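Shown next, in structure tokens, is the structure this report addresses.
The values are calculated or read from the model by the stated rules, or taken from the named source; none is laboratory data. These numbers come from a predicted model, not from an experiment. Virtual Cβ from ideal backbone geometry, glycine too; neighbours counted across all protein chains shown. For the accessible areas, the whole protein counts, side chains as well, though only heavy atoms, and no ligand, DNA or RNA atoms are used. Shrake-Rupley method; radii C 1.70, N 1.55, O 1.52, S 1.80 Å.
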Amino acid sequence: MIDGGEAIRKLALNVARYTGLAPLARPFVGGIGAILMLHRVTATPEKPDSVNRHLNISPNFLDAMIADMKAGGYAFVSMDEAIERIKAGGKGGRFATITADDAYRDNLTEALPVLEKHGAPITIYVAPGLIDGTADLWWDVVEDIVNASDSLTLATSNGPVLIACKTPARKHQAIARLHTYFTTEVREEDLRTVLRELASANGIDVDASRRRTLMNWDEIRTIAAHPLVTIGAHTINHSNLKRLSEAGARHEIGAVKDMLGAELGAEPRHFAYPYGYASAAGCREVGFARDAGYASAVTTRHGVLRAEHAGFPHALPRLSVNGRYQSLAHIRTMLSGVTTPLANAGKMVVTI
């Protein structure tokens, strides 16, 4: 997905890195640990220059990052243990837990061998609709539509809008425009229908990307049985919960437990808000996740963990391990804690 906070994070990272602020600040703002957020882990991305390339890191970088963090004193733990360590105020020393959203197949084929090498647990958040095909990887489909077209026509409240996308620059603008269109102008309940109509009009197979890149249920069952792997919930349909009614949001958060339990034999204890930014998850959604009985819920808000997060287990921040800037220096800077207030208007304890 196009990440609106990326420019801010890059600026914060570079300011902290080049001023030498990070190592000086770490003893004071480094917190007790971190939840790392991944999506794809592959050495051979299908579209290496994609607008969505930030969703991918290489297995070699994952390997180097874990080794570097272990050398720096971090213990890699499961999400269950991470919650216990948060409750204990981090008394067991600095820790990290790895999470991955959406259940991409390369989590099994390319990331898991790296995790096995290091004995590093991972929590994979699954949206059953994406696996079944009742929901779409619309951010990938949008890019496929734009790349296959010279122009597009969008149906908006102000009438049809023609979007030019013949040149590379125009395509980039068109993808950004469609991202805004699907996240703010099309109702969440209508997203699938509108996307499929647009894809059909431009000769794109909506299901191709999902089938190619996501695990199927057999593969999810295989990875779920691994001792390093925890399966968490990511709503039923990867929905922007804040754009749904109370009943709709509660259903997406609660009913997914039964669905995953039926497929995998155990209900998930942990949850990730799809998108996870301010316009997708807020206090209402935190309450719904708590009411549904999850032990934890994670956002995409940028931040390290602090002892105070013991009071906010359903609004935990994560550090994005981002494919656009795979750098151990950047990871060290984020882990120092200095970028947490820089990216959050001075807030040290990042929740909702």
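Using a Gaussian network model of the chain whose springs link C-alpha atoms within less than 10 Å, name the residue from Ala100, Ala262, Ala224 with the highest mean-square fluctuation. Its mean-square fluctuation being the largest, the pick is Ala262.
For the range 66-124, the equivalent ellipsoid derived from the Cα gyration tensor has semi-axes of 22, 14, 7 Å, listed largest first. Over the range 191-277, what percent of the accessible surface lies on carbon and sulfur atoms, probe 1.4 Å? Reported share for carbon and sulfur atoms: 50 percent. Along the axis of the charge dipole computed for the chain (Cβ charges of +1 for Lys and Arg, -1 for Asp and Glu, origin at the Cα centre), the listed residues Ala199, Leu38, Val161 are led at the positive end by Leu38. Stokes-Einstein diffusion for the range 97-170 at 10 °C, viscosity 1.306 mPa s, with a Kirkwood radius from C-alpha pairs, works out to 102 µm²/s. log10 I(q)/I(0), Debye, Cα-only the range 174-284, no solvent, q = 0.22 Å⁻¹? Values, matching the q order: -1.29. In the context of the full protein assembly, Thr300 retains an accessible surface of approximately 30 Å², using a probe radius of 1.4 Å and ignoring ligands and nucleic acids. Evaluated with a Cβ-only charge set (Lys, Arg +1; Asp, Glu -1), the range 155-261 carries a dipole of roughly 420 debye about its Cα centre, given to the nearest 20. Measuring r between the beta carbons of Asp205 and Ala71 and using R0 = 56 Å, the FRET efficiency lands at 0.80. 3J(HN,Hα) along the range 332-337: 4, 5, 4, 5, 5, x Hz, from the Karplus curve 6.51 cos²θ - 1.76 cosθ + 1.60 with θ = phi - 60°, whole Hz, x for Gly and Pro. In a reduced charge model with +1 at each Lys and Arg Cβ and -1 at each Asp and Glu Cβ, the chain shows a dipole moment near 1380 debye about its Cα centre.
Among residues other than Ala201 with Cβ under 14 Å from its Cβ, the summed charge is -3 (Lys and Arg +1, Asp and Glu -1).
Comparing mean-square fluctuations of Leu36, Leu24, Leu319 from a GNM of the chain with C-alpha springs under 10 Å, the top value falls on Leu24. Near the amide H of Ala297, within less than 5 Å, lie the amide hydrogens of Phe271, His314, Ala315, Leu316, all on another chain or at least 5 residues away, with H placed in the peptide plane. Ellipsoid semi-axes for the range 138-235, based on the Cα gyration tensor and the rule √(5λ), read 32, 15, 12 Å when sorted largest first.
Plainly put, the range 159-200 has a radius of gyration that is 0.99 times its Kirkwood radius, both from alpha-carbon atoms, as the Rg/Rh ratio. Direction-averaged projected area, Cα convex hull, the range 244-301: 3.8 nm², rounded to one decimal. Extension gain for Asp132-Tyr18 works out to 36.4 nm (0.36 nm per residue, less the C-alpha to C-alpha distance). Sorted into 10 angstrom bins from 0, the C-alpha pair distances of the chain split as 5, 25, 35, 25, 9, 1 percent. Using modelled backbone amide H atoms (1.01 Å from N, in-plane), which distant-in-sequence or interchain residues come within less than 5 Å of Arg105's amide H? So Arg105 has HN proximity to Leu214, Met215.
Computed from the Kirkwood radius of its Cα pairs, the Stokes-Einstein diffusion coefficient for the range 272-335 at 25 °C and 0.890 mPa s stands at 192 µm²/s. Rolling a 1.4 Å probe over the heavy atoms of the protein chains gives the chain an accessible area of 40 Å² per residue.
Once you reduce the range 82-99 and the range 256-327 to the center of their Cα atoms, the two points are 16 Å from each other.
Only Cα pairs under 8 Å and 6+ residues apart enter the sum, and on that basis the relative contact order of the chain stands at 25 percent.
The Kirkwood radius of the range 227-269, taken over pairs of alpha-carbon atoms, gives through the Stokes-Einstein law at 4 °C and 1.567 mPa s a diffusion coefficient of 119 µm² s⁻¹. Amide H contacts for Ile163 (H built 1.01 Å from N in the peptide plane; partners 5 or more residues away or on another chain; cut-off under 5 Å): Leu152, Thr153, Leu154.
Charge tally for Ala278 (other residues, Cβ to Cβ under 9 Å; Lys, Arg +1; Asp, Glu -1): +2. Bridging of Lys47 to lysines at a Cα separation below 27 Å is possible for Lys10, Lys166, Lys171, once same-chain residues fewer than 8 apart are set aside. For the range 1-125, a/c is not less than 1.5, where a ≥ b ≥ c are the root eigenvalues of the C-alpha gyration tensor, and a/b does not top b/c. That puts it in the oblate class.
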